[in-house]
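Visitor: Provided herewith is a single structure, encoded as structure tokens, for subsequent inquiry.
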Amino acid sequence: MAKIGTLGDIVFSVSKKTIRTFNELQVESKTSYVKHERQGRKPLLEFRYNDTDTASFSIYLSAYLGVNPLKVLKKIDRYRKKGKVLSLVIGGRKYGSRWVITSHSKEYEKFDNKGNLITAKSKISLEEYAER
């Protein structure tokens, strides 16, 4: 099994029997400045603070790829609802410090003839959980 990374204890991996991975990781960092306007001159910028980073990525979950989509989606939602603080590690490298899930969209794609979820797509948005 090739372990790609983790979000808390949710493992992204690829093996002969299971594929659970992510796409389109995007991390955004912002800095806040105050703009002081001046008569007849360009405004001056004053540094205020570095804002919390945000991140987002998509995941595709399929029973055909050895994953129980509903189980994974419920776990992600449980973390979001409880405000669980998580680490994001990809390829052994920690991204950011600590994160919370701020939004979780779910697209239920296919069901079997008994109503069991077979495939789903999900988009997860994170925000950095700053130290006090």
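The values are calculated or read from the model by the stated rules, or taken from the named source; none is laboratory data. All of these numbers come straight from a predicted model, not from anything done at the bench. Using ideal geometry, Cβ is built from the backbone for each residue, glycine included, and neighbour counts are taken over all protein chains shown. Keep in mind that these areas ignore ligands, DNA and RNA; they rest on the heavy atoms of the full protein, side chains included. Shrake-Rupley method; radii C 1.70, N 1.55, O 1.52, S 1.80 Å.
Visitor: What number of residues within the stretch 17-51 satisfy the criterion of being under 20 Å from Ile90 (Cα atoms) and not small (Gly, Ala, Ser)? Write out each step before concluding.
Guide: In the first step, residues of the stretch 17-51 are kept if they are under 20 Å from Ile90 (Cα atoms); the result is 18-29.
Narrowing further to those that are not small (Gly, Ala, Ser): 18-28.
Going through the stretch 17-51 one residue at a time, the tally reaches 11.
Visitor: Also: Residue under question is Leu73, and the condition is that it be open to solvent by less than 80 Å² (accessible area, probe 1.4 Å), touching a helix residue (DSSP H, G or I) at 6+ places or on another chain (Cβ under 7 Å) and not hydroxyl-bearing (Ser, Thr, Tyr); does it hold?
Guide: It is false that Leu73 is open to solvent by less than 80 Å² (accessible area, probe 1.4 Å), touching a helix residue (DSSP H, G or I) at 6+ places or on another chain (Cβ under 7 Å) and not hydroxyl-bearing (Ser, Thr, Tyr).
Visitor: Continuing with this model, one more query. Out of Glu127, Glu131, which single residue is within 23 Å of Leu7 (Cβ to Cβ), assigned to a strand (DSSP E or B) and open to solvent by 60 Å² or more (accessible area, probe 1.4 Å)? Even if it seems obvious, please write down each step before you answer.
Guide: Numbers: Glu131 fails: assigned to a strand (DSSP E or B).
Step by step, each of Glu127, Glu131 is checked, and only Glu127 is within 23 Å of Leu7 (Cβ to Cβ), assigned to a strand (DSSP E or B) and open to solvent by 60 Å² or more (accessible area, probe 1.4 Å).
Visitor: Out of the stretch 88-100, which residues are surrounded by 14 or more Cβ atoms within 10 Å (Cβ to Cβ) and either basic (Lys, Arg) or closer than 16 Å to Lys75 by Cα (or both)?
Guide: Of all residues in the stretch 88-100, those surrounded by 14 or more Cβ atoms within 10 Å (Cβ to Cβ) come to 88-90, 95-100.
Leu88, Arg98, Trp99, Val100, listed by residue number.
Visitor: Taking the condition of being aromatic (Phe, Trp, Tyr) and either open to solvent by less than 80 Å² (accessible area, probe 1.4 Å) or under 21 Å from the mean Cα position of the chain (by Cα) (or both), how many residues in the stretch 57-66 meet it?
Guide: 2
Visitor: Identify all residues within the stretch 106-120 that are of a type outside the set (A, V, I, L, M) and either under 22 Å from Ile4 (Cα atoms) or open to solvent by 60 Å² or more (accessible area, probe 1.4 Å) (or both); write none if there are none.
Guide: Passing the criteria: Lys106, Glu107, Tyr108, Glu109, Lys110, Phe111, Asn113, Lys114, Asn116, Thr119.
Visitor: For residues that are free of Cβ contacts under 8 Å to residues at least 12 places away in the same chain and in contact with a His (Cβ under 7 Å, 6 or more places away or on another chain), scanning just the stretch 1-56, find the one that is most open to solvent (accessible area, probe 1.4 Å).
Guide: Among those residues, the one meeting the criterion is Leu44.
Matching residues to (1) touching a helix residue (DSSP H, G or I) at 6+ places or on another chain (Cβ under 7 Å); (2) at pLDDT below 95; (3) of a type in the set (Asp, Glu):
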position	(1), (2), (3)
Tyr64	no, yes, no
Val67	no, yes, no
Arg93	no, yes, no
Gly96	no, yes, no
Trp99	no, no, no
Ser103	no, no, no
Lys106	yes, no, no
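Visitor: Just to be sure before I move on: is Ser103 in a strand (DSSP E or B) and either within 24 Å of Lys3 (Cα to Cα) or open to solvent by less than 40 Å² (accessible area, probe 1.4 Å) (or both) in the structure I sent? Step through it out loud before you land on a result.
Guide: Numbers: in a strand (DSSP E or B): yes; either within 24 Å of Lys3 (Cα to Cα) or open to solvent by less than 40 Å² (accessible area, probe 1.4 Å) (or both): no.
No, not satisfied.
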